[in-house]
Amino acid sequence: MGLFDKLFGGGKKKVSKETKETRGIHMPDLHIPVDEKFTIHFKKNGGKFLYCDSITEVSLALQNIISENAWQDNTFLVLDPRLAEKFAKEGIQFTQKAKNSEIFFTTCEHLIAQNGSILVCSNQLMEKKLHELPANVIVFATTSQLVETIGEGLKIIKKKYGHNIPANITTLKHFLPTTENTHDFLTYGSSSKNLYLLLLEDL
């Protein structure tokens, strides 16, 4: 994939400084790969990005996040029992009660390249609103979940679930403020999160 090849040893193509740094967020996107576009917008939103090419690397990255933030004694809010089962050997205490945790560990439906947001729904949030969740969020996702737009993500959800479309569909978009988004009027009233993305290569 485009950006991942560049970051981890492949390809020689370079993205211009203009593409990364000087184009406004409301300017039309240049023709760049979906993975690269997502990463650019995601980082502008203030997110922290960790690319992993194996589940072993995901586990190592997760432990590094825990160590970096001194979360060893914290309980993680996990609303998806399958995620808790998948990471049961990591020595993490899980809870389904938001008031008992400062960290929300979750999956997502899609990663939206258009604006660097993360599409979630009741499969991840149950009935909870974003402001009811802990300020610290760790998202586990795969590269196959990357899509160009929110509309594309919603079409895939509709096709996948048929008449049982999940409720509470929303996006995580605003993370810790950066110099690029601090004064963005679109962040007004949003629930800003300190967010880590563990992205597993599965293509």
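Considering region 162-203, the residues that are modelled with pLDDT under 90 and of a type in the set (A, V, I, L, M, F, W, C) include one that is nearest to His131 (Cα to Cα), namely Phe175.
Within region 121-133, restricting attention to residues that are farther than 14 Å from Lys193 by Cα and of a type outside the set (D, E, K, R), which residue is farthest from the chain's Cα centre (by Cα)? Quick ask: steps written out before the conclusion?
Of the residues in region 121-133, the ones farther than 14 Å from Lys193 by Cα are 121-128.
Going one step further and asking which of them are of a type outside the set (D, E, K, R), we end up with 121-126.
Working: Cys121: 13, Ser122: 16, Asn123: 15, Gln124: 12, Leu125: 14, Met126: 17 Å.
The selected residue is Met126.
Only a single item in (1) more than 21 Å from Lys97 (Cα to Cα); (2) surrounded by fewer than 18 Cβ atoms within 10 Å (Cβ to Cβ); (3) aliphatic (A, V, I, L, M) is not met by Ala167, and it is number (1).
Counting only residues that are assigned to a helix (DSSP H, G or I) and at pLDDT 95 or above, which one in region 126-150 is surrounded by the fewest Cβ atoms within 10 Å (Cβ to Cβ)?
The qualifying residue surrounded by the fewest Cβ atoms within 10 Å (Cβ to Cβ) is Ser144.
Go through (1) more than 18 Å from Glu201 (Cβ to Cβ); (2) without any contact (Cβ under 8 Å) to a residue 40 or more places away in the chain for Pro33 and report which single condition fails. Pro33 satisfies every listed condition except (1).
Kindly check whether there is at least one residue in region 39-59 that is at pLDDT below 95, closer than 29 Å to Ile103 by Cα and among the aromatic types (Phe, Trp, Tyr). Checked against the condition, which is being at pLDDT below 95, closer than 29 Å to Ile103 by Cα and among the aromatic types (Phe, Trp, Tyr), region 39-59 yields at least one hit.
Scanning region 48-62 for residues that are assigned to a loop (DSSP other than H, G, I, E, B) and touching a helix residue (DSSP H, G or I) at 6+ places or on another chain (Cβ under 9 Å) yields one hit, Asp53.
The values are calculated or read from the model by the stated rules, or taken from the named source; none is laboratory data. Please read these numbers as outputs of a predicted model, since none were measured by experiment. Ideal geometry is used to build each Cβ from the backbone, glycine not excepted, and the neighbour counts take in all protein chains shown.
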